[in-house]
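Report on the structure given below.
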């Protein structure tokens with residue numbers, strides 16, 4: 001799998017790349033599929049998210065932007081096409097889980113999904129769209145490089 005274009009989270013006035021797809025669960029439940037026009041965007045859409053609220057109040061996750069291609073007509077779609085009653089953002093009440101936000105310098109590029117390794121990851125945990133916990137983990141390069149693993153001779157091409 002090719003490395004994927006990330007979703008975007010607006011947090012503290014900054015745009016941050018997300019290595020999670022909170023809309024995926026909603027799309028599966030609603031039997032909605034988008035057309036992919038790139039191997040770097042298998043899901044067929046890009047979403048922009050925003051954390052609304054303050055540390056003193058509940059912080060909630062909202063989908064505030066969407067760019068997608070309709071699978072049947074190849075017509076460009078946006079947020080109001082999917083959620084016409086919420087043109088300024090829809091509360092992600094369907095999402096419970098963890099969002100990974102890579103931070104700092106890229107330590108290792110991995111050409112697969114969201115597997116690249118960065119200096120640290122900020123994790124946010126949500127229950128029905130409400131932020132319940134956040135924490136950071138500092139990363140280091142893996143001790144074993146997958147490219148350096150010994151491959152048995154019988155598995156090598158031409159041997």
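Since every read-out is calculated from the coordinates, none of them should be taken as a lab result. Since the structure is predicted, the reported quantities are computational estimates derived from the model, not experimental observations. Using ideal geometry, Cβ is built from the backbone for each residue, glycine included, and neighbour counts are taken over all protein chains shown.
A few points about this structure:
- Distance (nanometres) between label positions extended 7 Å along Cα→Cβ at residue 138 and residue 25: 3.2 nm
- Label-point separation, residue 54 to residue 91 (7 Å along Cα→Cβ), nm: 1.9 nm
- Residue 33-residue 2 FRET efficiency (beta carbon distance; Förster radius 22 Å; 0.05 resolution): 0.70
- Working ranking of peptides 91-101, 70-80 by packing, defined as the average number of other Cβ atoms within 10 Å per residue, highest first, is 91-101, 70-80.
- In the list (i) 2, 8, 15, 19, 17, 14, 10, 6, 4, 3, 2, 1, 0; (ii) 1, 9, 18, 19, 18, 14, 10, 7, 3, 0; (iii) 2, 8, 17, 21, 22, 18, 10, 2, 0, the label attached to P(r) over Cα pairs in 5 Å bins from 0, in percent as derived from the coordinates here is (i).
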